[in-house]
Amino acid sequence: MRFLSHLRFMPANVRKVKRPKWNQTEMKVYTREDFPVLLAALEHEPLIYRVLVNLALVSGLRQGELLGLTWDNVDLDTSTITVTQSLSYTITEGLQLKEPKTKGSKAQKPLQAKLSPCCAS
């Protein structure tokens, strides 16, 4: 409550105010059984969406990491993807390329030699 010393007046009963409880919701993840259903739902969507979703499923990359990829990050000879940046958006700064969230994100990821048939144009 140190910050209260900067106020011109002390709010009444400030110590009795209860903080609202914050419940962290459990993250929902797709299972392998969900993959065919998800890919089938994208069948008539533009190729870029089919490729991004397929790549997300096989690589485990985060949304910003996927959107930050460039062709320089893809090595078809070694079938790997190297994440060097992540695309993020804030209201104040707009779109920005930043460092990935964790050091593990910067590691090379194996690229599946055979993408799902949904990625065929």
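Pairs please, first residue from region 92-108 and at pLDDT below 90, second anywhere and among the hydroxyl-bearing types (S, T, Y), Cβ atoms under 6 Å, 6+ apart in sequence or on different chains.
Pairs found: P100/S86; Q108/T80; Q108/T82.
Only one of (1) on the phi < 0 side of the Ramachandran plot; (2) among the polar types (S, T, N, Q); (3) without any contact (Cβ under 8 Å) to a residue 60 or more places away in the chain is not met by N54, so which one is it?
Against the list (1) on the phi < 0 side of the Ramachandran plot; (2) among the polar types (S, T, N, Q); (3) without any contact (Cβ under 8 Å) to a residue 60 or more places away in the chain, N54 comes up short only on (3).
Condition check: charged (D, E, K, R), modelled with pLDDT of 85 or more and in a loop (DSSP other than H, G, I, E, B). Does D72 satisfy that? First the steps, then the outcome.
Numbers: charged (D, E, K, R): yes; modelled with pLDDT of 85 or more: yes; in a loop (DSSP other than H, G, I, E, B): no.
When the stated conditions are applied, D72 does not pass them.
For region 85-106, what are the residues that are assigned to a loop (DSSP other than H, G, I, E, B) and out of contact with any helix residue (DSSP H, G or I) (no Cβ under 6 Å at 6 or more places or on another chain)?
Those that are assigned to a loop (DSSP other than H, G, I, E, B) and out of contact with any helix residue (DSSP H, G or I) (no Cβ under 6 Å at 6 or more places or on another chain): Q85, I91, T92, E93, E99, K101, T102.
Give the residues of region 3-52 that are modelled with pLDDT under 85, surrounded by fewer than 10 Cβ atoms within 10 Å (Cβ to Cβ) and not in a loop (DSSP other than H, G, I, E, B), sorted by residue number.
Within region 3-52, F3, S5, H6, R15, K16 qualify.
Name, by its number, the condition in (1) closer than 18 Å to Q96 by Cβ; (2) in contact with a helix residue (DSSP H, G or I) (Cβ under 6 Å, 6 or more places away or on another chain) that does not hold for L69.
Evaluating L69 over (1) closer than 18 Å to Q96 by Cβ; (2) in contact with a helix residue (DSSP H, G or I) (Cβ under 6 Å, 6 or more places away or on another chain) leaves (2) as the failure.
The values are calculated or read from the model by the stated rules, or taken from the named source; none is laboratory data. Note that the structure is a prediction, hence the values are computed from the model and not measured. Glycine also receives a Cβ, built like all others from the backbone with ideal geometry; neighbour counts cover every protein chain displayed.
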